1. How large is the accessible surface of residue 88 in square angstrom, using a 1.4 angstrom probe and rounding to the nearest 10?
2. Give, in nm to one decimal, the length gained when the segment between residue 377 and residue 90 is fully stretched (0.36 nm per residue of separation minus the Cα-Cα distance).
3. Tell me which residues come under 5 Å, amide H to amide H, from residue 175 once H is placed; ignore anything under 5 positions away on its chain.
4. Taking 26 Å as the cut-off for C-alpha to C-alpha distance, list the pairs among 123/363; 84/335; 243/376 that go past it.
5. Expressed as a whole number of Å, what is the distance separating the alpha-carbon centroids of segment 208-256 and segment 264-321?
6. Leaving out ligands, DNA and RNA, what percent of the accessible area of the chain is carbon and sulfur, probe 1.4 Å?
7. When only DSSP loop residues count, what trypsin sites (Lys or Arg not before Pro) in segment 181-229 have their Cβ near at most 16 other Cβ atoms within 10 Å?
8. Charges at C-beta only: +1 for Lys and Arg, -1 for Asp and Glu. How large is the resulting dipole of segment 211-266 about its Cα centre, in Debye rounded to 20?
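The values are calculated or read from the model by the stated rules, or taken from the named source; none is laboratory data. Treat the numbers as computed from the prediction; the structure is a model and nothing was measured. Positions of Cβ are generated from backbone atoms using ideal geometry, with glycine treated the same way; all protein chains shown enter the neighbour counts. In case anyone asks, the SASA skips ligands and DNA or RNA and just uses the protein heavy atoms, side chains included. Shrake-Rupley method; radii C 1.70, N 1.55, O 1.52, S 1.80 Å.
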Amino acid sequence: MASSAGLALCGHALVVRGGSRLLATSTSSSDDDSLFMYDCSAAEKKSQEHKGEDGQPVDQGSDTVLASTFSKSGSYFVLTDDSKRLILFRTNPWQCLSVRTVVRRCTALTFTASEEKILVADKSGDVYSFSVLEPHGGGRLELGHLSMLLDVAVSPDDRFVLTADRDEKIRVSWAAAPHSIESFCLGHTEFVSRIFVVPNHPELLLSSSGDRTLRLWEYRSGRELHCCPLTSLQDPTEPWSDKRFAVSRITYWSQEDCVALSCDGLPVVYIFQLDAAQRQLVPRQLLTFQHRVWDAAFEEGNGLWVLQDCREDPLVLYRPVGGQWQSVPESAELKRVCAHVRVNWAMLEGCAGMDSGFSSLYKATCDNMTTYLKKKEERLQQQLEKKRRQAPPSGPNGPTKKMRAGESAQGCSS
């Protein structure tokens, strides 16, 4: 699902998105201080009018960006919006290459490792592919699920397509023949919100879910290697400690085998260490903030960038110092990028009260026994009340005995 605001990094390229707009700049001081802005509301729309079964025009949606990502090399950037458009950019220099239409509103997208295709997952459970080399070509249906898809990923060798759905499943399909399923990764007890193939350990997969766990898989066999409850890092005194939440971003730092998670609506970022040799995840640190965290992303060689709901300090940069992650308030690149975001804060103002839509995906619970016992008690009370109304009134010496018809009271003989 889409988050209210987003952050993306690849190389020195940094993108902040909010509402229908995106802002792209560089984190490198050696680059010129150029800024690229794009507004989806100005993008071309389909000319034909869509009508529903009643003949009335259907809702065309807003221009809000739903998902976005860089290609592996950072040469391309793609986004999809609520108006069912797929917009492809070249990043050096920034230029819009094409605006295409998707069949249904999308929930996630990714580039193949070869950067020849874009894979787009939608709410109906389908994955379509769009060519990068032919930027105006139409989409091709690749595979489908029976329930809503929430994320899509590819293996580093492009051999497998991995999909995560609302029904707790992760499917591993052959890219050359998507109808051929290699495995399922089963174990989550709620919807799977995010999946991530570890780039320097290509046989490993990370996944998160509405069940508040982070899991490590050997995805080709479907074997779960480790499960780490996120609640183990929480302080029970925090006001959000008993709140249901799902991970909205998994980001990874290859340099230190470090995993960071941002969660929908929470003012925290979870930090884990991936111990690939032992096939386990080691909890390291819980970063807490005064404001809601919208997104987080690693920049290789620089640290962890965090986008938060704070106009004065919209971005925070963290680096490891003595084994602990600490903020770097005096960073020159941080000050420069924050200045750009502050000037364009209007694009993020409408994101404060939004969430990524995960709250509607939890399984509904139904306690039939409680309802049954409550109704039974009500019936018993009604029966007792009815008996009380039908009982004859009591006399001075106790209840009056009813006499048969024609029977008269007998007096005492003197």
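1. Approximately 0 Å² for this residue.
2. Taking residue 377 through residue 90 to full extension adds about 96.5 nm, to one decimal.
3. Long-range HN contacts for residue 175: 160, 161.
4. The pairs that break the limit, which is 26 Å between Cα atoms, are 84/335; 243/376.
5. 13
6. Details: 10040 of 20800 Å².
Taking all protein chains in place, the chain shows 48 percent carbon and sulfur surface.
7. 220
8. Value, rounded to 20: 240 debye.
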